[in-house]
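Input: a single structure, listed below in structure tokens.
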Number of protein chains: 2
Amino acid sequence: MPVAPEEAASRVIEGDRRICARLMTLLEEGDGAAKEVMKLLYPHTGKAVTVGVTGGTGSGKSTLVDRLIQAFRERGLKVGAVVVDPSSPFSGGAFLGDRLRMQRHSRDQGVFIRSMASRGYLGGLARATSETIRVMEAMGMEVVLVETIGAGQDEVDVIQVAQTCLVVIAPGSGDEIQALKAGLMEIGHVFVINKSDLDGALQALRAVEAALSLKGMPEGLWRPVVVSTVATEGRGIDELVRAILAHREHLERGEGMERARSQRVEHELGLIFRDELERIVFRGLKGTGMKKRYIQDIMDGRTDPYSVIEEILGIFVKKRPSPWR
Amino acid sequence: MPVAPEEAASRVIEGDRRICARLMTLLEEGDGAAKEVMKLLYPHTGKAVTVGVTGGTGSGKSTLVDRLIQAFRERGLKVGAVVVDPSSPFSGGAFLGDRLRMQRHSRDQGVFIRSMASRGYLGGLARATSETIRVMEAMGMEVVLVETIGAGQDEVDVIQVAQTCLVVIAPGSGDEIQALKAGLMEIGHVFVINKSDLDGALQALRAVEAALSLKGMPEGLWRPVVVSTVATEGRGIDELVRAILAHREHLERGEGMERARSQRVEHELGLIFRDELERIVFRGLKGTGMKKRYIQDIMDGRTDPYSVIEEILGIFVKKRPSPWR
């Protein structure tokens, strides 16, 4: 950071947009001083309504996120959004039109949008996203929307950080079948049939409702909501906002909020841990020439990757760490 | 494993399909005995032509893989294929029709197909895929095709394990623009304009060729090839097979093959390392109640995830491992 951690943290909390963006970049790069800033910011986070928005290519996620930003702003709430970088391959990244639409928020001090690529982060997309959300909370965003492409472990990790999971489905895309099969029905809190003016919208709605089998659900559990929208025209967005806020209220009424917070922290611990551990060991290996020698030995058939890793772990990891017994 | 590692390894090398499938499942589950089998198999691997096939939803990857299996079989080569499980959400997993088509290979002893989901593997998709390819090589497959969805870090990891990378593009899908933007142009060795009977095929071809800017390329480097196909009708498949084999020959002529093998081993080391390390530490944490206490402390604001991880790493990781100095 260009300034001391304490100074940087204060500026983030005051909402200094330039320093927030800079901090996000440094976190993505695994900067050590940025972590010190995060330690200071951490107690100032954790209060926002966090919403994961997942769905296939062409489901209209980006437009939906844009409309949600607008709708939450109209309710007077500050909104942060983590969106998929359009430069990602096959990611369902928004096309130029969507981006231009979203830029209309760029002069609104109550909105902070951050684009993320689907790969290329030193500590992984999930860690980078998770930390970006924390920074947005520290700078005062009351709602944070996180768009994900819904494929791969990274995406599951991202969804697990958010309190409320929106699954966006376009009629006739086959997505409803995929969603049913893939266990997304279990993680979704709100299902959005977007582009509901298209043929097959009613069938998609029925298919999702049938799969949710809401009948006979025990009292006290959240009953997933299905909302029909036409994001391009803003139709159904108010209902969607109400569904999101209803889920938040549901969490706050019972122990759900405590559980969601705990789950988020546990998840963050895992992400940070994996990343930091790797860095320590790779730093230890660097410049020793041992990695190269190992690779050559494997290629020459003198050993294999499994035996090599056993050896390396023996060197780096304490066998029976006493504090844990 | 139901049998001793030596016995299991012999049976894999003899091509016992049941034991190969069982081994793959055990590897996905992180079974310890399965790793012992892999140590024995490792020297019997590394010789196949390995081909990564990446592309967006609807590009026709699955059909193309099916046609490639057929074409390599007609050349008398044994073919293994790792394909995307259709149950994955938004993964571009093949629909029922594609799967049925592929099943026609199921009685052919010279073909071995393994479906993989895009998530849910203990050690990650990339490790599971990488090990599946090794098993296929050990059982005598001479060509191994690996279908990936081309999004997220997992997929990049998968591609890096293969020698030859095919980027599949459908005309008018916008994929060509995404590919250009996203650096896929640099990792692709063969570009496939599939569904080349559709409108816009010529434009897609031109766009890709222009982006590759083949003019003025130095001698000795591989010049990426662009092939037009209509996989559903089998058109262009022979040319595609020739392009794949030409790339293999190119690698073997120079030092490319040595480099590709070394890169693959290095990559495997990273994947296995990350996975094993995590297991050791999580095993150490299990049942101690410390994780829960840490989470509570963080939630109560007494500490933060960064400080906790620093503490845990101090317990598990040796500070200055002497053998490395």
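Things to note:
- Unmet requirement for B:LYS35, which otherwise passes all of (1) crowded, with 22+ Cβ neighbours inside 10 Å; (2) part of a helix (DSSP H, G or I): (1)
- Of all residues making up region B:63-73, the number that are farther than 9 Å from B:ALA231 by Cβ, under 17 Å from the mean Cα position of the chain (by Cα) and not aliphatic (A, V, I, L, M): 0
- Within region A:295-315, being within 7 Å of another protein chain (Cβ to nearest Cβ) and closer than 17 Å to B:PRO43 by Cα holds for A:ILE295, A:ILE298, A:MET299, A:GLY301, A:ASP304, A:PRO305, A:TYR306, A:SER307, A:VAL308, A:ILE309.
- Counting only helices (runs of 4 or more DSSP H) that fall entirely inside region B:226-306 and contain at least 3 residues that are at pLDDT 95 or above, the qualifying elements are B:237-253.
- If you go through region B:14-32 and keep only what is surrounded by fewer than 15 Cβ atoms within 10 Å (Cβ to Cβ) and either part of a helix (DSSP H, G or I) or at pLDDT 90 or above (or both), you end up with B:GLU14, B:ARG17, B:ARG18, B:ALA21, B:THR25, B:GLY32.
- Of all residues assigned to region B:257-264, at least one qualifies as being farther than 25 Å from B:GLU74 by Cα, acidic (Asp, Glu), within 14 Å of chain A (Cβ to nearest Cβ) and touching a helix residue (DSSP H, G or I) at 6+ places or on another chain (Cβ under 9 Å).
- Screening B:LEU198 on (1) surrounded by 16 or more Cβ atoms within 10 Å (Cβ to Cβ); (2) in contact (Cβ under 8 Å) with a residue 24 or more places away in the chain shows it passes everything except condition (1).
- Search result, residues across region B:42-71 that are within 30 Å of B:GLU6 (Cα to Cα) and out of contact with any Ser or Thr (no Cβ under 6 Å at 6 or more places or on another chain): B:TYR42, B:PRO43, B:HIS44, B:THR45, B:GLY46, B:LYS47, B:ALA48, B:VAL49, B:THR50
- Within region B:151-173, the residues that satisfy the criterion of being under 10 Å from the mean Cα position of the chain (by Cα) and either facing chain A (nearest Cβ under 9 Å) or modelled with pLDDT of 95 or more (or both) are B:ASP154, B:GLU155, B:VAL156.
- Considering residues of region B:292-305 that are crowded, with 22+ Cβ neighbours inside 10 Å and within 37 Å of the chain's Cα centre (by Cα) only, the residue farthest from A:GLU266 (Cα to Cα): B:ASP304
- Boolean, A:THR148 is modelled with pLDDT of 90 or more, among the polar types (S, T, N, Q) and in the same structural domain as A:VAL192 (by TED's automatic domain parsing): no
- Restricting the first member to region B:23-39 and to residues that are more than 14 Å from chain A (Cβ to nearest Cβ), and the second to residues that are not hydroxyl-bearing (Ser, Thr, Tyr), the beta-carbon pairs closer than 7 Å and six or more apart or on different chains are B:MET24/B:ARG114; B:MET24/B:VAL135; B:GLU29/B:LEU122.
The values are calculated or read from the model by the stated rules, or taken from the named source; none is laboratory data. In this text the structure is predicted, and so the values were computed from the model without any measurement. Methodologically, a virtual Cβ is constructed for each residue, glycine included, from the backbone with ideal geometry; neighbour enumeration extends over all protein chains shown.
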